[in-house]
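Chemist: Supplied in structure tokens, the structure appears directly below.
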Amino acid sequence: MEKYVINGGNKLYGSVDVQTAKNSVLPLLAATVLTDEKVKILSIPDITDVKNMIKILSRLGCRTVFDGCNLIIDSSCADCYEIPSELAHELRSSLFLLGSVISRFHMAKIAYPGGCDIGLRPVDLHLTGLKRLGVDITEENGYIICKCDKLRGNEIMLDCPSVGATENIMLAAVKAEGTTVIKNAAREPEIEDLQKLLNCMGAKVRGAGSGTVVIEGVNELNGCEFLPIPDRIEAGTFLIAAAMCGGEVELTRVCAENLSSLLHKLRENGCKIHVNNDKIVLENHRRLTSVKSVETQPYPGFPTDLQAQITTLCCICRGQSIITENLFETRFKYVPELRKMGADITVINRNAFVRGVERFKGATVVAHDLRGGAALVTAALAADGMSSVLDISHIDRGYGAFEYKIRKLGGDIVRVSV
Ligand code: UD1
């Protein structure tokens, strides 16, 4: 077990490169099972979710070669359709493999997946979508078992725009017979990235980024080389940290358009933000004013993956805020931890009512999930005195070289074994 020890109060100055998007890379890796040719994914982030996904691909029989930055996946010798329970439990995105594994083997067996413990994360939309493509699904002893003779395109209307279900159905449909139309599809930039990769592989997908994705089935897919989009959530976390600590931080290899809902809120807070091509500079030298309300929504609304971080910022702003979490019901687990640091927050159902205090004070806190954990680190960086953030394996799931990047900006943070 490891923890971060953070001596708060330093302003942040300097520049950091944004990593490749975790939420893009995971479904892209799942897509590589669809071809016998080699696929090279560039600039792989050094995070445990991706390492676990690579382990799962290896268990399926895929060969992977990692040169420290780029990953080549050769699925020509994939020979296993079962996703082992110990890995599936660690990584919810193993679920995306259902679509591509069933497409490849016409069989798939996967233990119910894990991932962040942020409330009920049902899989009904994934399964209903696959059934519409002709997959027969049974569930036994904690396993989802899928079988089909042939995948056939169909029209699928999602009850809500689930990111994972949209991606899973796209992966199952690219080599199905005929055309699949996904209505009420998620519009996240990561869906567009998946479409781009699939089309580089010879698929015929269009409409990603809108509410309707159309997939015309093809017989074969080829290999390719692909650079995924930058991680908007990592970028957002650093921008919020800079807003909280004060200073001037530049992010490079970032897509500002994918962050517009956050940039809008930070400007409303009083931060100065300059965007120049793939760079964002945030400057702040004073205590900020609270935004009145933030409500998480599917893209292009405010991302649930930045809810904990923006709430943490509101805690030390002047004034009051209401933050509403519309996507995942238990995404306020970090709140009792922030209270230990002096925050004044009350959670009632899906709403967090925040009354700004002058500063956080250092404390020992526990990361309970990925984004909540990162938010606690930002609070500790802005706090008076020393803090320890325990259980940082949650943070390692999604933030590569987190403490190196923070130290580069002048933050006082070390990783310690406990
Ligand atoms: C993805 C992201 C995650 C992000 C989330 C919402 C990845 C690897 N993870 O997760 O970081 O927080 O999008 O932006 O990309 N739902 C159902 N039934 C289903 C599936 C989902 O009811 O079968 C509901 C969920 O409970 C939730 C909402 O749909 O309320 C959105 O979830 P979804 O978009 O599916 O999230 P994930 O794809 O799991």
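The values are calculated or read from the model by the stated rules, or taken from the named source; none is laboratory data. This one's a predicted model, so the numbers in the text were calculated from it and none came from an experiment. Because the Cβ atoms are built from the backbone with ideal geometry, glycine has one as well, and the counts that use them run over all protein chains shown.
Chemist: Taking the stated definitions as given, is residue 235 within 17 Å of the chain's Cα centre (by Cα) and not assigned by TED's automatic domain parsing to the domain that holds residue 190?
Modeler: Yes: the conditions hold for residue 235.
Chemist: With 296, 289 as the choices, which residue is assigned by TED's automatic domain parsing to the domain that holds residue 240 and within 16 Å of the ligand (Cβ to nearest atom)? Break it down into steps so the answer makes sense when it comes.
Modeler: Values: 289 fails: within 16 Å of the ligand (Cβ to nearest atom).
Among 296, 289, only 296 is assigned by TED's automatic domain parsing to the domain that holds residue 240 and within 16 Å of the ligand (Cβ to nearest atom).
Chemist: Answer yes or no: is there a residue in the stretch 101-114 that is out of contact with any strand residue (DSSP E or B) (no Cβ under 6 Å at 6 or more places or on another chain), charged (D, E, K, R) and at pLDDT 95 or above. Explain how you work it out, then say what you get.
Modeler: At the first step, the residues of the stretch 101-114 found to be out of contact with any strand residue (DSSP E or B) (no Cβ under 6 Å at 6 or more places or on another chain) are 103-106, 112-114.
Right, trim to charged (D, E, K, R) and you get 104.
Restricting the remaining residues to those that are at pLDDT 95 or above gives 104.
Yes, there is a match, as at least one residue in the stretch 101-114 is out of contact with any strand residue (DSSP E or B) (no Cβ under 6 Å at 6 or more places or on another chain), charged (D, E, K, R) and at pLDDT 95 or above.
Chemist: Can you tell me which of (1) within 20 Å of residue 242 (Cα to Cα); (2) within 16 Å of the ligand (Cβ to nearest atom) is the one residue 267 doesn't meet?
Modeler: Result: residue 267 passes all but (2).
Chemist: What are the residues in the stretch 315-353 that are touching a helix residue (DSSP H, G or I) at 6+ places or on another chain (Cβ under 7 Å), in contact (Cβ under 8 Å) with a residue 40 or more places away in the chain and closer than 30 Å to residue 164 by Cβ, if any?
Modeler: If the condition is that a residue be touching a helix residue (DSSP H, G or I) at 6+ places or on another chain (Cβ under 7 Å), in contact (Cβ under 8 Å) with a residue 40 or more places away in the chain and closer than 30 Å to residue 164 by Cβ, then 328, 331, 333, 334, 338, 352 are the ones that fit.
Chemist: Right, another one. Residues that are acidic (Asp, Glu), at pLDDT below 95 and surrounded by fewer than 19 Cβ atoms within 10 Å (Cβ to Cβ): list the strands (runs of 3 or more DSSP E) wholly contained in the stretch 26-96 that include at least 1 such residues. Walk me through how you get there before you give the answer.
Modeler: Working: elements: 38-41, 63-66, 71-74.
In the stretch 26-96, there are no strands (runs of 3 or more DSSP E) which contain 1 or more residues that are acidic (Asp, Glu), at pLDDT below 95 and surrounded by fewer than 19 Cβ atoms within 10 Å (Cβ to Cβ).
Chemist: Considering only the stretch 353-360, I want to know if a residue exists there that is within 16 Å of the ligand (Cβ to nearest atom), surrounded by fewer than 20 Cβ atoms within 10 Å (Cβ to Cβ) and at pLDDT 95 or above.
Modeler: no
Chemist: Limited to the stretch 286-301, what total is found for residues that are hydroxyl-bearing (Ser, Thr, Tyr) and in contact (Cβ under 8 Å) with a residue 40 or more places away in the chain? Write out each step before concluding.
Modeler: Step one: list which residues in the stretch 286-301 are hydroxyl-bearing (Ser, Thr, Tyr), which gives 289-290, 293, 296, 299.
When the remaining residues are screened for being in contact (Cβ under 8 Å) with a residue 40 or more places away in the chain, the result is 290, 299.
Number satisfying all stated conditions: 2.
Chemist: Give 91, 95, 28 a once-over and let me know the one that is within 14 Å of the ligand (Cβ to nearest atom), in contact with a His (Cβ under 9 Å, 6 or more places away or on another chain) and either of a type outside the set (D, E, K, R) or assigned by TED's automatic domain parsing to the domain that holds residue 398 (or both). Steps first, please.
Modeler: Working: 91 fails: in contact with a His (Cβ under 9 Å, 6 or more places away or on another chain); 28 fails: in contact with a His (Cβ under 9 Å, 6 or more places away or on another chain).
Just a single option satisfies the conditions, and that option is 95.
Chemist: Can you find a residue that is surrounded by fewer than 16 Cβ atoms within 10 Å (Cβ to Cβ), of a type in the set (D, E, K, R), at pLDDT 95 or above and within 16 Å of the ligand (Cβ to nearest atom) anywhere in the stretch 116-134?
Modeler: Applying the first criterion (surrounded by fewer than 16 Cβ atoms within 10 Å (Cβ to Cβ)) to the stretch 116-134 yields 117, 119-120, 122, 124, 131.
Cutting the leftovers down to of a type in the set (D, E, K, R) gives us 117, 124, 131.
Those still in the list that are at pLDDT 95 or above too: 131.
Next, only the ones that are within 16 Å of the ligand (Cβ to nearest atom) stay: 131.
Yes, that holds for at least one residue.
Chemist: Please go through the stretch 157-175 and give me each residue that is surrounded by fewer than 24 Cβ atoms within 10 Å (Cβ to Cβ) and either in contact with a strand residue (DSSP E or B) (Cβ under 6 Å, 6 or more places away or on another chain) or over 19 Å from residue 328 (Cβ atoms) (or both), ordered by number.
Modeler: The answer is 157, 175.
Chemist: In the stretch 361-390, how many are within 16 Å of the ligand (Cβ to nearest atom) and either among the aromatic types (Phe, Trp, Tyr) or at positive phi (or both)?
Modeler: Residues in the stretch 361-390 being within 16 Å of the ligand (Cβ to nearest atom) and either among the aromatic types (Phe, Trp, Tyr) or at positive phi (or both): 0 in total.
Chemist: Quick one: which strands (runs of 3 or more DSSP E) sit completely within the stretch 143-230 and have at least 3 residues that are modelled with pLDDT of 95 or more? Give the steps one after another, and end with the answer.
Modeler: On the way: elements: 143-147, 155-157, 179-183, 204-206, 212-216, 224-226.
Per the criteria, 155-157, 179-183, 204-206, 212-216, 224-226.
Chemist: Turning to a different aspect of this structure: Among the residues of the stretch 191-202, is there at least one that is closer than 26 Å to residue 373 by Cα and buried (at least 24 other Cβ atoms within 10 Å of the Cβ)?
Modeler: Just the residues of the stretch 191-202 that are closer than 26 Å to residue 373 by Cα, to begin with: 191.
Next, only the ones that are buried (at least 24 other Cβ atoms within 10 Å of the Cβ) stay: 191.
Yes, the conditions are met somewhere in the stretch 191-202.
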